[in-house]
Amino acid sequence: MGAPVVLGIESSCDETGAGLVREGRLLGHAVASSMDEHARYGGVVPEIAARAHVHSFTPVVQRALEKAGLRASDIGAIAVTTGPGLSGALQVGLAGAKALAYGLDVPLYGVHHLAGHVAADTLEHGPLPDPCMVLIVSGGHTSLLLVRDLARDPIVHLGDTLDDAAGECFDKVARVFGLPYPGGPAIDRAARDGDPAAVTFPRPLTGPRDDPYAFSFSGLKTAAARWAERHAGATLPVADGSAALQEAVADVLTRKAVAACRAHGVDTLVVVGGVAANSRVRSLAEQRCAAAGITLRVPPLGLCTDNGAMIAAVGDLLVRAGAEPAPLNVSIDPSAPLEHAALHPSAPLEHAALHPSAPLEYAALHPSAPLEHAAVRPAARGVRA
């Protein structure tokens, strides 16, 4: 009998995603975003995101099944993001995934969100080379990783951001420039009409005494804000500022990633995460990898941002590697470091005593946050068996 169909659930931030993967092949996926509801606040509001997941969970799972031409009874395992991310948002996804796993009597796997981004590339380009260098760039994370067997081996961190992530820098500077949220795509669009050489922005942590693989974008963000302030009372050349900022970010990211490949004798660079959708990051990575004889792999745009397919891809790898499923008291870890692809934080079983009438799968839930309970019932009854 072949490998089972794995349903992946993603709810770590403002996208509710569901995807179905079997033996490395994406069968279908669907995403619902609450981004428009957060735009007027200039960033993600955790409570709004969590409530949006409650409303979107069942329709998104149903839509993914329809795209794959499957029914719920075809699902053989479920993978769900258990961290890092927004606590309430993660709880909704986990509660719904537990309900489905319990109702379908299939194993449940907790997955690290960032490992999902790494695995997203496998859905387009096949298995990851062993080893490979991975550059994760998103709104909350910027890391250089040495990856071997994603499902079995520990993930080696070569460098991480010391403060702001690359995507966070884009979001904050976009707001200063008067551009809409999310800032990354807005900066990218504005930069098309700008001159990247018009403004000289710093390249943080690229000096001879700096950590060669660490990142820092807080100073770059401040430099852009100060540049904008100097144009008070005059028209701000947003296109030039956006192009120069984007060039600085892309330069630092790709320079460090290619250097890491050379230093560690790795001939494949995988760039993943929401910022991997940035046009200049992609084009500069292509140029520098080609010059260095390094193979570049970047997922298609639809798999760069958060989605359930990438979580299903990790679940599929874990299932085929013979990994142990998560226990029934698996919980979430909103600030979990990336050490392994599987992430099974557990809540003490004494929590179950706080819910005298609750079955065991509720043990990981927190009685002071009733929101996650709402996600269980519609998820359990709304999907066709």
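What pairs come out if I take residues in segment 318-343 that are assigned to a helix (DSSP H, G or I) and pair them with residues that are among the β-branched types (Val, Ile, Thr) and surrounded by 22 or more Cβ atoms within 10 Å (Cβ to Cβ) whose C-beta lies under 9 Å away, six or more apart or interchain?
Close Cβ pairs satisfying both conditions: Leu318/Val6; Leu318/Val111; Val319/Val6.
May I ask you to list the residues in segment 153-176 that are over 16 Å from Lys221 (Cα atoms) and either among the hydrophobic types (A, V, I, L, M, F, W, C) or open to solvent by less than 20 Å² (accessible area, probe 1.4 Å) (or both)?
Of the residues in segment 153-176, the ones over 16 Å from Lys221 (Cα atoms) are 153-160.
Across segment 153-176, the qualifying residues are Ile155, Val156, Leu158, Gly159.
From the list Leu144, Leu179, Leu150, which one is in contact (Cβ under 8 Å) with a residue 60 or more places away in the chain, closer than 17 Å to Val249 by Cβ and open to solvent by less than 20 Å² (accessible area, probe 1.4 Å)? Before the answer, list the steps.
Working: Leu179 fails: open to solvent by less than 20 Å² (accessible area, probe 1.4 Å); Leu150 fails: closer than 17 Å to Val249 by Cβ.
Selected residue: Leu144, the only one of Leu144, Leu179, Leu150 that is in contact (Cβ under 8 Å) with a residue 60 or more places away in the chain, closer than 17 Å to Val249 by Cβ and open to solvent by less than 20 Å² (accessible area, probe 1.4 Å).
Looking at (1) surrounded by fewer than 22 Cβ atoms within 10 Å (Cβ to Cβ); (2) under 23 Å from Ala336 (Cα atoms); (3) in contact with a Lys or Arg (Cβ under 9 Å, 6 or more places away or on another chain), which is the one condition that is false for Arg51?
Looking at each condition in turn, Arg51 falls short on (3).
Take Val275 and tell me if it is within 17 Å of Pro185 (Cα to Cα) and touching a residue at least 40 places away in the same chain (Cβ under 8 Å). It would help to see each step written out before you state the result.
Numbers: within 17 Å of Pro185 (Cα to Cα): yes; touching a residue at least 40 places away in the same chain (Cβ under 8 Å): yes.
Considered against the rule, which asks whether it is within 17 Å of Pro185 (Cα to Cα) and touching a residue at least 40 places away in the same chain (Cβ under 8 Å), Val275 comes out as yes.
Those residues that are surrounded by fewer than 20 Cβ atoms within 10 Å (Cβ to Cβ) and acidic (Asp, Glu), I need them from segment 282-336; list them, please.
Within segment 282-336, Glu286, Glu324, Asp333 meet the criteria.
Looking only at segment 205-246, count how many residues are crowded, with 18+ Cβ neighbours inside 10 Å and assigned to a helix (DSSP H, G or I).
13
For segment 75-85, which residues satisfy the criterion of being crowded, with 23+ Cβ neighbours inside 10 Å and within 15 Å of the chain's Cα centre (by Cα)?
Result: Ala79, Val80, Thr81, Thr82, Gly83, Gly85.
Kindly provide the set of residues from segment 102-132 that are closer than 18 Å to Ile78 by Cβ, assigned to a helix (DSSP H, G or I) and more than 10 Å from the chain's Cα centre (by Cα), ordered by number.
If the condition is that a residue be closer than 18 Å to Ile78 by Cβ, assigned to a helix (DSSP H, G or I) and more than 10 Å from the chain's Cα centre (by Cα), then Tyr102, Gly103, Leu104, Ala119, Leu123 are the ones that fit.
Based on this model, can you work out whether Gly93 counts as open to solvent by 10 Å² or more (accessible area, probe 1.4 Å) and part of a helix (DSSP H, G or I)? Steps first, answer last, please.
Working: open to solvent by 10 Å² or more (accessible area, probe 1.4 Å): no; part of a helix (DSSP H, G or I): yes.
The answer is no for Gly93.
Just the residues that are assigned to a helix (DSSP H, G or I) and within 18 Å of Ser143 (Cα to Cα), please, taken from segment 264-279.
His264, Gly274, Val275, Ala276, Ala277
Of everything in segment 31-45, what is within 16 Å of the chain's Cα centre (by Cα) and part of a helix (DSSP H, G or I)? Give them in sequence order.
Met35
Of everything in segment 38-70, what is modelled with pLDDT of 95 or more and farther than 17 Å from Leu90 by Cα? Give them in sequence order.
Pro59, Gln62, Arg63, Ala64, Leu65, Glu66, Lys67, Ala68, Gly69, Leu70
Return a yes/no flag: does segment 99-119 have any residue that is open to solvent by 30 Å² or more (accessible area, probe 1.4 Å), in contact with a Pro (Cβ under 6 Å, 6 or more places away or on another chain) and within 24 Å of Cys304 (Cβ to Cβ).
Looking for residues that are open to solvent by 30 Å² or more (accessible area, probe 1.4 Å), in contact with a Pro (Cβ under 6 Å, 6 or more places away or on another chain) and within 24 Å of Cys304 (Cβ to Cβ), one finds none in segment 99-119, hence no.
The values are calculated or read from the model by the stated rules, or taken from the named source; none is laboratory data. Computed from a predicted model, the values in this text were never measured in an experiment. Cβ: placed from backbone, ideal geometry, glycine included. Neighbour counts: every protein chain shown. Side chains are part of the model used for accessible areas, which takes the heavy atoms of the whole protein and leaves out ligands, DNA and RNA. Shrake-Rupley method; radii C 1.70, N 1.55, O 1.52, S 1.80 Å.
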